[in-house]
Ligand code: ADP
Ligand code: MG
């Protein structure tokens, strides 16, 4: 589904541009400054990780970039649109066309087959049932689960369920794939398969992929890490220090995993 490009969108403009963005929740004494004065550009076709301690504003930032939420102040521009200026309805229409969402707990419908789960986002488009089915099967093939199309989520492992969720995020051919802690509920093997798939979306399908994660292994897969702390994007020496701490966390092999055949020091491909 190649959406019409707006005139202001050009190849040199970054896909995502945030200018002095703040998001404040609540008011008075209960006020929380979840994100403060965030400015950042993200080019199309990158795989980017947002990393930082719990409560540092990662999900808040992700929600602003994907049009799930709007800022209290500042500009959020994605694919040439000012998301901060759209109302709730316009924003959800924009999202349906431009963003594929992936969650920590997969959020699949338990009574539906993998194929019908993947086809769900297509209900918002004017397509025949046959066409929805065909597209869902293509997306399942992309994540390597074509042979599980008739399985319900309970018949699949956690890693497989997350792959179905990735197929669902892809089925509308979005510009942007956004994942909040996609490996948070997976074992080590499932996590690597999911990270590998997300990297493939960027390399082979040219998607821009933005992921929130705590997982230092993500370093081996992404093009760029954006560090957050206490609602601020880290810059300069602070970002450097956060990056080094992550490298340190990656430096040792897993304790007590004699069956692991993978070399944790495998260079970034
Ligand atoms: P992270 O994803 O890095 O753990 P969040 O972006 O979810 O952090 O949250 C940042 C801060 O904003 C936290 O202090 C959190 O409690 C607060 N917060 C997030 N969402 C809401 C909300 N809907 N209402 C009030 N406070 C919120
Ligand atoms: Mg979060």
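Taken together, the values in this text are just the output of simple stated rules run on the coordinates, not laboratory data. Quick caveat: nothing in here was measured; it's all calculated off a predicted structure. Here the Cβ positions follow ideal geometry from the backbone for every residue, glycine too, while neighbour counts run over all protein chains shown.
Odds and ends about this structure:
- Shape parameters for the chain, alpha-carbon atoms, Rg then Dmax in Å: 18.9, 56
- Within the stretch 159-209, the proportion of C-alpha pairs whose separation exceeds 16 Å stands at 33%.
- DSSP finds beta bridges in the chain, and of those with both partners inside it, around 50 percent are antiparallel.
- With the convex hull drawn over the C-alpha atoms of the stretch 183-242, the volume per residue is 98 Å³.
- Order by protection proxy (mean Cβ within 10 Å, highest first), peptides 85-98, 63-76: 63-76, 85-98
- Normalised contact order of the chain, rounded percent, pairs of Cα under 8 Å and 6 or more residues apart: 24
- Counting all C-alpha pairs of the stretch 81-190, share separated by more than 19 Å (%): 45
- Taking only the Cα atoms of the stretch 145-254, the ratio Rg/Rh comes out at 1.01, with Rh defined as the Kirkwood radius.
- Mean-position separation - Cα centroids, the stretch 220-247 and the stretch 21-52, in angstrom: 14
- Rg then Dmax, both in Å and based on the Cα atoms of the stretch 1-141: 17.3, 54.
- Mean residue ellipticity (222 nm) of the chain, computed from DSSP H runs ≥ 4 via -39,500 (n - 2.57), nearest 500: -10000 deg cm²/dmol
- Rel. contact order, % - alpha carbon contacts under 8 angstrom, at least six apart, the stretch 1-145: 20
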